[in-house]
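Accompanying notes for the structure given below.
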Amino acid sequence: MANDREAVVVSGGCCIPKTQKYKAVAGNYKCLWAWAGLSKVDRLTLDVITFKHVFRDIKTAQKTSASVSLIVEVQIMQDLQHFARASDYFLGKSIEEIGSVVLNVLEAHLQEVYGELTLKCIQEDMNHFSSRVQKAASRNMWDIGLLIHNIFIADVTREEMI
């Protein structure tokens, strides 16, 4: 049984057609049949998930290393096509494992966007660059069934060479 903030996904057993990998129900206390010992039951949260991370060694246009403190809010998309993609990527994964995927995608886009800018320019308008990173990363997140609700860059500082 699924509560209103999660999806239940059943794979295996005799109730799943051979043309499908799994059946899923989401929200509103809907039910799905599973056979003990034959079916595998997984759950995916439909809540907004927040991740906080400090990315180190992000290179700017001047080849200066910066630390970027970032907060991102994502959610598994609930339309059929994107939910299927999210299920393929995240079934059986913990929130931490989902976070690892999200943060890897974001790091690549941070490197891309910040590599075109100076540290001073970034620090003067962090909101603008948050939206640039969100726009750049959104397509990749959609491809894995995630929606970015918000990216907030809390701090950008120059890393000192040791």
message = I need a count of the residues in the range 44-68 that are polar (S, T, N, Q) and not in a loop (DSSP other than H, G, I, E, B).
response = 4
key: The listed residue being surrounded by 14 or more Cβ atoms within 10 Å (Cβ to Cβ) and more than 10 Å from the chain's Cα centre (by Cα), out of Ala86, Ala66, Ala108, Ala154   = Ala66
task = Go over the candidates Phe152, Phe129 one by one and state the one that is assigned to a helix (DSSP H, G or I), farther than 30 Å from Asp42 by Cα and in the same structural domain as His53 (by TED's automatic domain parsing).
result = Phe129
task = Specify which of the listed residues (Ile58, Ile71) is within 14 Å of the chain's Cα centre (by Cα), modelled with pLDDT of 60 or more and under 19 Å from Gln134 (Cα atoms).
result = Ile71
inquiry  = Within the range 134-149, take every residue that is part of a helix (DSSP H, G or I) and in contact (Cβ under 8 Å) with a residue 40 or more places away in the chain and give me the one that is surrounded by the most Cβ atoms within 10 Å (Cβ to Cβ).
reply    = Met141
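The values are calculated or read from the model by the stated rules, or taken from the named source; none is laboratory data. Quick caveat, the model's predicted, so the values are computed rather than measured. Because the Cβ atoms are built from the backbone with ideal geometry, glycine has one as well, and the counts that use them run over all protein chains shown.
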